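J.: The structure that follows is given in the form of structure tokens.
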Amino acid sequence: MFYAIMVTGAWLIWHLVFRIRVVGKENLPRDGKGFVLAPNHISAIDPVFVVIARFWGKRMLIMAKEELFEVNPVLSWMFRNVGVFGVERGKGDTGAVEVAIDKVKKGQGLLIFPEGTRSKTGEPGKIKSGAFVVASAAGVDMIPCRIIYRHGHMKLFSGVKVCFGKPIPAAALDMGEHKSAAKLRECKAMLADAWEELYQQNKYE
């Protein structure tokens with residue numbers, strides 16, 4: 001109930017202060033199967049845009065840096081109640097990853113930013129391995145997502161597009177038992193190509 005109220009409230013507020021357009025919503029899974037949703041990352045409020053663009057469906061897990069929970073106890077409580085969980089970056093937080101894999105296997109969606117941090121230029125940065133490790137281990141599809149701001153960055157009362165691409169099939173993401181480095185590079189290239197295609201098809205002119 002709390003999640004539904006929060007998402008509905010955010011949807012109303014965000015549509016008052018931004019001109020939001022959602023593209024490719026038909027590419028999101030509807031059958032209750034787990035998935036990994038992989039957006040590019042520009043602004044701290046990107047997760048809100050993605051969640052309200054999806055709007056319906058079971059609550060997703062949202063992977064975020066652990067420092068987010070050190071800002072304020074009330075905010076920490078709210079984050080946890082809408083599905084956000086913390087990961088200690090740069091410390092090989094395998095426990096959090098294993099929990100994510102288990103929940104995705106059981107049919108939950110995971111929102112994770114593959115770059116691991118926000119881009120300072122507006123262009124996608126270096127793609128890290130975490131999203132692919134989860135998708136491969138859980139045996140689920142990855143949904144590319146491109147967030148496009150009219151001005152290249154978040155700005156009140158301006159336009160933003162949240163574009164969902166066609167799923168990258170689980171079979172194409174399977175890195176095998178030994179997690180082949182060559183296969184990982186191939187997976188990263190597929191996501192980068194999908195992001196670029198979404199941008200070219202939906203960019204502001």
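The values are calculated or read from the model by the stated rules, or taken from the named source; none is laboratory data. Note that this is a predicted model, so its numbers are computed, not measured. When we count neighbours, we look across all protein chains shown, and the Cβ atoms used for this are built from the backbone with ideal geometry, even at glycine. Quick note on the areas: whole protein, heavy atoms, side chains included, nothing else; ligands and nucleic acids left out. Shrake-Rupley method; radii C 1.70, N 1.55, O 1.52, S 1.80 Å.
J.: Could you run through the stretch 176-198 and say how many residues are over 14 Å from Pro114 (Cα atoms), more than 16 Å from the chain's Cα centre (by Cα) and not charged (D, E, K, R)?
T.: 5
J.: Open to solvent by 40 Å² or more (accessible area, probe 1.4 Å), part of a helix (DSSP H, G or I) and without any contact (Cβ under 8 Å) to a residue 12 or more places away in the chain: is that true of Ala189 in this structure?
T.: Working: open to solvent by 40 Å² or more (accessible area, probe 1.4 Å): yes; part of a helix (DSSP H, G or I): yes; without any contact (Cβ under 8 Å) to a residue 12 or more places away in the chain: yes.
When the stated conditions are applied, Ala189 passes them.
J.: Another question, if that's okay. Show the residue pairs that are 6+ apart or on different chains and have beta-carbon atoms under 9 Å apart, the first residue being within the stretch 4-29 and farther than 21 Å from Leu61 by Cα, the second being open to solvent by 90 Å² or more (accessible area, probe 1.4 Å) and among the polar types (S, T, N, Q).
T.: Val23/Gln201
J.: For the stretch 47-60, how many residues meet the condition of being under 24 Å from Cys187 (Cα atoms) and open to solvent by 40 Å² or more (accessible area, probe 1.4 Å)?
T.: Final tally of qualifying residues: 0.
J.: Can you tell which of Asp141, Asp102 is modelled with pLDDT of 95 or more and under 20 Å from Arg30 (Cα atoms)?
T.: Every option except Asp141 fails the conditions.
J.: Output the residues belonging to the stretch 1-46 that are open to solvent by 30 Å² or more (accessible area, probe 1.4 Å), part of a helix (DSSP H, G or I) and within 27 Å of Pro169 (Cβ to Cβ).
T.: Listed by number, the residues that qualify are Lys25, Glu26.
J.: Taking the condition open to solvent by less than 60 Å² (accessible area, probe 1.4 Å) and modelled with pLDDT under 75, does Ala64 pass?
T.: Working: open to solvent by less than 60 Å² (accessible area, probe 1.4 Å): yes; modelled with pLDDT under 75: yes.
Considered against the rule, which asks whether it is open to solvent by less than 60 Å² (accessible area, probe 1.4 Å) and modelled with pLDDT under 75, Ala64 comes out as yes.
J.: Being modelled with pLDDT of 85 or more and polar (S, T, N, Q) is the filter; apply it to the stretch 1-48 and report the residue that is farthest from Ala138 (Cα to Cα).
T.: Of everything passing the filter in the stretch 1-48, Ser43 is farthest from Ala138 (Cα to Cα).
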